[in-house]
Structures are given as structure tokens and as C-alpha cells.
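Trainee: Structure incoming, see below.
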Amino acid sequence: MTKRTLLSKLVLLPCSKIYGAITYVRNKLFDMKVLRQTEFDIPIVCVGNLAVGGTGKTPLVEYIAGAFRQSRNVAVLSRGYRRSTKGFIMAGRTSTPRDIGDEAFQIYHKFGGKVCVAVCEDRVFGINEIKRLNPSINLIILDDGFQHRYVKPTVSVVVSEYTNPIYRDSMLPYGRLREPRRGINRADIVVVSKCPDKMRPMDYRLVVKYLDLFPSQHLFFSHFEYMPLEPVFPDMAVALPFLDFLTPSDSILAIAGIGNPRPFVKRLKSFAAKVKVDVFPDHHNYTKKDIEHILARFKTLKGSQPIIVTTEKDAVRLACNPYFPYELKAHTYYLPVEVKFDAFEDGPDIIEVIDKQISGAGL
């Protein structure tokens, strides 16, 4: 153990113990009904995680919203992390990532406005406002609402990343957990996300063993399937490049400001092209200086057709960035992802489980 690691452990570990104790007491107050939860007469599906950032929660929210919008009028409510506004805001055609946050902006445009999207720090108030403004809504998905216990969800879904499982993690600030690991006991459904290709039966069984869920809880395994590149600026795109056809003489500048950029970078490096990487903090708002840095790095790329590839979440921020130079717009693409579920064992899929629990609640 290095001196730096030892110092970190001596300083941060006690803070983790204190933070864990505080969250434990808070959860106990909800369990004892000292702190009250509000129930609603429409189904509330809460999607969250125990760890901070990078678990693949937003693609799962999109997956659930996409599945249910064929049969229900769906709304998504999030806090709107890192937005420059406060209070309740309903997403609209003039909304920007600064107004509602990059994730809410992404979800709204993913469905072409056909899924109602709103942001509010106070989820109880936000749900009531959605119902008041759009009485036809009959399903609300809480994005990142697992720790917001003032709302009593109909179904709780917790996402845990395969490579950073909660059973190997510690409380903040020493680790990445927002609350003690036992908090997963409140979940109706657990989704292990970003699973690698070709998992062995033993790999599944080990996760099942270490999670040690109750028999009443449902466990699913999922992975990301990467789609073909899409232009960040469609009006400027000339021809979409195909990653499979890139050669070693081609170059990619990968831009990522997400919680865990490793799978994204790994995907790009699996192709023949040379890849340079610029990683920024999660939910990063790109400054003029950042954009100048990206332009300078792009100019160093070799090859006849160098390109910039970014994530979906970064794409919505770059598309609205006033400093993004005209000369880069025709060369900038994003790599879409979709959630796919592994055939771990026979049984209902996640949408069927959610629908059954909603029906069981009489909603």
C-alpha cells in the first residue's frame, strides 16, 4: 500500500463511516414512517442506483419508456442534474441542456417529444405538476430517484454495473456508494448493466451469489449494443463513416464526459483506426477553452478523413454549445447505445415484470 493510498484510507474511510451512519438513520426514519412517503394513484417506476454515476441508468430509463409508450402515456421526471435553473420545468422544443440537464434533454429528443419529460428537485411536487399539466399521463418514470424516498414507488429498479459491483464498493467518499449496500433490499428489480460479451454460466452464478437477493426480487443482466454512428450536426453531415471500414491510417478523437467512459473508449479502440482520447468530468459543460482544446487536438489527427466521436450524452451538450466551431461540425458524430438483456434464465422479461407489479397494485 502506497503512502498516498494509506493517507486516503486514513482520511476518507472514517468519513465514509459517518456518511453511512447518516444515510442508515435516514432510511430507518422512512422505514419507521417518521419521515412520510407520498403515494400516487398512477404507477411510479423508480430507476436508480446505489453508486454514483456511470451505471447505465439513463439508457435503461429510455428502454422502459420506449416499451411502455405504446400502451401508456409516459412521463419521465428527473432532478435535472447540473442544469442552470431551479424548480419545475417541462421540457419543450426550445429547452436546452442548461435548462433541463443533459440527460432529460437527451430523453426528450430521443422520443421526438412523444414522451413527456420534466425536471424538478422536489419529486412529489414534480409528479403533482405533471399530473396537473397533463392529466392523460398514466405512468411516470423517476430517473435517479431511488434515494428520494419521499415518493413511494410502485416498482423500484436498481442498476449495478458489472465491473463495479456494489458488493465490492464502499460508502462515499472512500468508495462510490450513496447508501449502505443493504439499501438494495428495497429494490423490486436489480439490473446488472454493461455485462461483457460471452459471459460463462459461472460468471452469472457468482453475481447471483454475491448480490444475495431475496427470492421476491427479480435479477436481470444487460449489456450495451452500440449502434451505427450518428451526426451531432445532421445538417452539416456529408456521409456517415462506418467504424468497421476504418483503416489504420484513419484517426478518431474520442470525447467523453460521462461517469464511466471506459466501455465507450474500449469500443472505439476495437476498430482499426488510431484513437486519441479526451476525458472530461461527468455532465461537463464544455467551455470555450475546452472547445479550443478539442479543435487543436483534432488538427493533429492523421489521415484523409479524421473524425470526432462522442457519447450520446455529450452530443446534446456539444450540439447546443455556442463555441463549437463550424469547421468541426461536419466531422463530429456520436455513438448511440441501446440496452439489450442477456438470456440468463427462462422467465418473464423486465417489462413483463414491471407490468405485472403495476397490475398487482391495481394501477
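For every residue, the table says whether it meets (1) more than 13 Å from the chain's Cα centre (by Cα); (2) among the acidic types (Asp, Glu); (3) under 18 Å from Ile127 (Cα atoms).
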site	(1), (2), (3)
Val45	yes, no, yes
Ala51	no, no, no
Pro59	no, no, no
Gln70	yes, no, no
Gly80	no, no, yes
Met90	yes, no, yes
Pro97	yes, no, no
Asp102	no, yes, no
Gln106	no, no, no
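Trainee: Being in contact (Cβ under 8 Å) with a residue 60 or more places away in the chain and among the charged types (D, E, K, R) is the filter; apply it to region 187-227 and report the residue that is surrounded by the fewest Cβ atoms within 10 Å (Cβ to Cβ).
Mentor: It comes out as Glu225.
Trainee: Which of the helices (runs of 4 or more DSSP H) contained wholly in region 263-357 include at least 1 residues that are free of Cβ contacts under 8 Å to residues at least 40 places away in the same chain?
Mentor: 288-298, 326-329
Trainee: Another question about this same structure. Name every residue in region 44-71 that is surrounded by 18 or more Cβ atoms within 10 Å (Cβ to Cβ) and over 16 Å from Tyr108 (Cα atoms), in order of residue number.
Mentor: Ile44, Val45, Cys46, Val47, Gly48, Asn49, Leu50, Ala51, Gly54, Thr55, Gly56 - these are the residues of region 44-71 that are surrounded by 18 or more Cβ atoms within 10 Å (Cβ to Cβ) and over 16 Å from Tyr108 (Cα atoms).
Trainee: On the basis of being under 25 Å from Glu225 (Cβ atoms) and of a type in the set (Lys, Arg), does Lys110 make the cut?
Mentor: Criteria met by Lys110.
Trainee: If you don't mind, another one. When you look at Phe324, is it at pLDDT 95 or above and either buried (at least 20 other Cβ atoms within 10 Å of the Cβ) or not charged (D, E, K, R) (or both), yes or no?
Mentor: So Phe324 passes the test.
Trainee: What number of residues within region 190-245 are within 30 Å of Cys320 (Cβ to Cβ) and among the basic types (Lys, Arg)?
Mentor: 1
Trainee: Let me ask something else. Pick from region 348-362 the residues that are open to solvent by less than 60 Å² (accessible area, probe 1.4 Å) and of a type outside the set (S, T, N, Q): which of them is farthest from Val191 (Cα to Cα)?
Mentor: Looking at residues that are open to solvent by less than 60 Å² (accessible area, probe 1.4 Å) and of a type outside the set (S, T, N, Q), I get Ala361.
The values are calculated or read from the model by the stated rules, or taken from the named source; none is laboratory data. These numbers come from a predicted model, not from an experiment. We place every Cβ from the backbone using ideal geometry, glycine too, and count neighbours over all the protein chains shown. Ligands, DNA and RNA are excluded from the accessible area calculation, which covers all protein heavy atoms including side chains. Shrake-Rupley method; radii C 1.70, N 1.55, O 1.52, S 1.80 Å.
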